[in-house]
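Beneath this line is the structure, given in structure tokens, with notes to follow.
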Amino acid sequence: SFKEVSDFFMAEMTQDSHKITQDTRYNKLIYILQNLTISLDDLLFRYFMEESIQQSKQHSELGFLTFTAFLTKQKDKTILKVTVVRCSALPIMDTMGKCDTVVKVTVQPRQTSHFSHLKIRSTEPVFNDLDPVFNQEFEFSFFTDVHDLEDGACLQFTVWDKDRLSADDFIGETLCDLNSIPFDAPKEFKEHLALPNLKSLSYDVIEHRCPYEKTAQKFIKERSKLINETGEEFVHQRRSSSAFNLIAINFQDIKERMKQWYQRRVRALITDICCIKFTPCFLI
């Protein structure tokens, strides 16, 4: 950051300020400096607002999530009722050519005072299905009126491939703006799954606060779990590519061939045993 500031003032001295202001590093620095003074709650809302916009522009091949949602008022509480209906066109996540799917649901930003009491809810897993059906209902309640919330308050769904022997594999997520959810009557949504963006400017600002704000640390830790050390984006591109699907299909074909071969060998063995058992002694 010091280098960018130094370059800027050097450019001012050489009357070349226009050039430096077009530099993305300079714009990033100015954004960070402008937002270091705002509250972390405001920054988290801003992150999810930007994330929703960014994800709406993605055209990934990670599949779709269908759900219904509506809001109701109950005295001083707002009740959010959600039904996870199904996923469709999910990518192949294992060598058997299938996916063992779990959907996790919560309201974001969960680290703010509005939603800090809410837990992450999870569906029961559906095994060996690229189009799993759930039809599972969840309910969240909070004490802030939706219209009083800042832009960025959203319903978050993360979709995972469940592994029995290791950590679950993240497939994708979708965010639904709370302001788009109606009152009293359920509305059906079908949203595409997307990858989280950990390169946004607001994410950088929150990350800069980690050394002295525990809430920022918790947020960064939770979001960074969605991206593994080797780069989840690369892994997803590989999994959703036709090459990976072809490998999985070929593996499935090999499995079927081995099954048929095994069945033939068992039948042949049974036939041999029967022949030995019922053959007269003098012919042996």
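The values are calculated or read from the model by the stated rules, or taken from the named source; none is laboratory data. In this text, all values refer to a predicted model and were calculated from it rather than measured experimentally. Ideal geometry is used to build each Cβ from the backbone, glycine not excepted, and the neighbour counts take in all protein chains shown. Calculation scope for accessible area: heavy atoms of the full protein, side chains included, ligands and nucleic acids excluded. Shrake-Rupley method; radii C 1.70, N 1.55, O 1.52, S 1.80 Å.
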Among LYS162/LYS190; LYS73/LYS199; LYS104/LYS218, the pairs whose Cα-Cα distance exceeds 27 Å are LYS73/LYS199
Would you kindly derive the ³J(HN,Hα) couplings of the stretch 110-124 from the backbone phi angles with the Karplus curve 6.51 cos²θ - 1.76 cosθ + 1.60 (θ = phi - 60°), listing them in order in whole Hz, with x for Gly and Pro? 6, 8, 8, 5, 5, 10, 5, 7, 7, 9, 7, 9, 9, 6, 6
Find the accessible area per residue for the stretch 35-176; the probe is 1.4 Å, ligands and nucleic acids are left out, and the unit is Å². 44
Taking the alpha carbon gyration tensor of the stretch 120-189, what are the square roots of 5 times its eigenvalues, largest first, to the nearest whole Å? 28, 14, 11
Debye calculation, C-alpha points only, no solvent: report log10 I(q)/I(0) for the stretch 29-79 at q = 0.29 Å⁻¹, in the same order as the q values. -1.08
Cut-off 10 Å between beta-carbons: net charge of the residues surrounding ASP100, Lys and Arg +1, Asp and Glu -1: -3
